[in-house]
1. How long are the semi-axes of the equivalent ellipsoid of region 84-171, taking √(5λ) for every eigenvalue λ of the Cα gyration tensor, in whole Å from largest down?
2. With each pseudo-label sitting 7 Å past Cα toward Cβ, what's the residue 53-residue 23 distance in nm, one decimal?
3. Please arrange 102, 8 by counting, for each residue, the other beta carbons lying within 10 Å of its beta carbon, fewest first.
4. Quick one: if you stick a label point 7 Å off each Cα along the C-beta vector at residue 145 and residue 166, how many nm between them?
5. Which value results for Rg/Rh of region 11-170 when Rg is the Cα radius of gyration and Rh the Kirkwood radius based on the inverse mean 1/r?
6. For region 11-170, calculate the relative contact order in percent as a whole number, restricting contacts to Cα pairs under 8 Å that are 6 or more residues apart.
7. Pull out a ≥ b ≥ c, the square roots of the eigenvalues of the alpha-carbon gyration tensor of region 5-80, then state rounded if a/c is under 1.5, prolate if not and a/b is larger than b/c, and oblate in the remaining case.
8. Let a ≥ b ≥ c be the square roots of the eigenvalues of the Cα gyration tensor of region 43-130; is it rounded (a/c under 1.5), or, if not, prolate (a/b larger than b/c) or oblate?
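Just so you know, all these numbers are worked out from the coordinates, no wet-lab data involved. For clarity, every value in this text was computed on a predicted model and none was experimentally measured. Here the Cβ positions follow ideal geometry from the backbone for every residue, glycine too, while neighbour counts run over all protein chains shown.
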Ligand code: Y12
Ligand code: CO
């Protein structure tokens, strides 16, 4: 089932998400729904709060070298914790909750992620480049943070003006 995505400035996006403790059928169905929602909207990452569920769950599906997103490459990540972040990288980010806006954001270049999968099993992965960027972007959602909060004062002001105008034109 495709779920509605909450968009900025909805206040729910500011919520701090709660730890996942039940790794049951309900969670599995929810993760499946997140996946079809993300793919239908051409996303590569989605956090549960973006579909109005404040739990510490996120999914990622990084395109392969040909730009294809294969379901086998999906990462379902619960209760993530970042270890050993290193380096810095500027990358142009976008967010399904901030439609139509993209901006260069500085993030760690590489990290080690500890998390639980849909069965509650403890896992870890090494991430670099786009995967590392997307992980940091999605974990920020779990903390109630959006990438636009990392913009400079002037860039943020410009964004607010442009975004409001675009929202008005949509109506
Ligand atoms: C770099 C860093 C972080 C990420 C996080 C995940 N973001 C996305 O997956 C964004 C997807 C996105 C897709 C859009 O296209 C459609 O909705 C069809 C889009 O355009 C509009 O909303 C108009 C914006 C963002 C990704 C990359
Ligand atoms: Co986002």
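1. Values: eigenvalues 170, 52, 18 Å².
Over the Cα atoms of region 84-171, the semi-axes work out to 29, 16, 10 Å.
2. Calculated label separation equals 1.6 nm.
3. Values: 102 11, 8 18.
If I rank by nearby Cβ atoms, fewest first, I get 102, 8.
4. Here the answer is 2.2 nm between the modelled labels.
5. Details: Rg = 15.7 Å, Rh = 16.4 Å.
Using Cα coordinates only, the ratio equals 0.96.
6. Details: 254 pairs, mean separation 36.5, N = 160.
Over region 11-170, the number comes to 23 percent.
7. On the way: a/c = 2.07, a/b = 1.33, b/c = 1.56.
Oblate.
8. Working: a/c = 1.36, a/b = 1.13, b/c = 1.20.
Because its axes are fairly even, with a/c under 1.5, region 43-130 counts as rounded.
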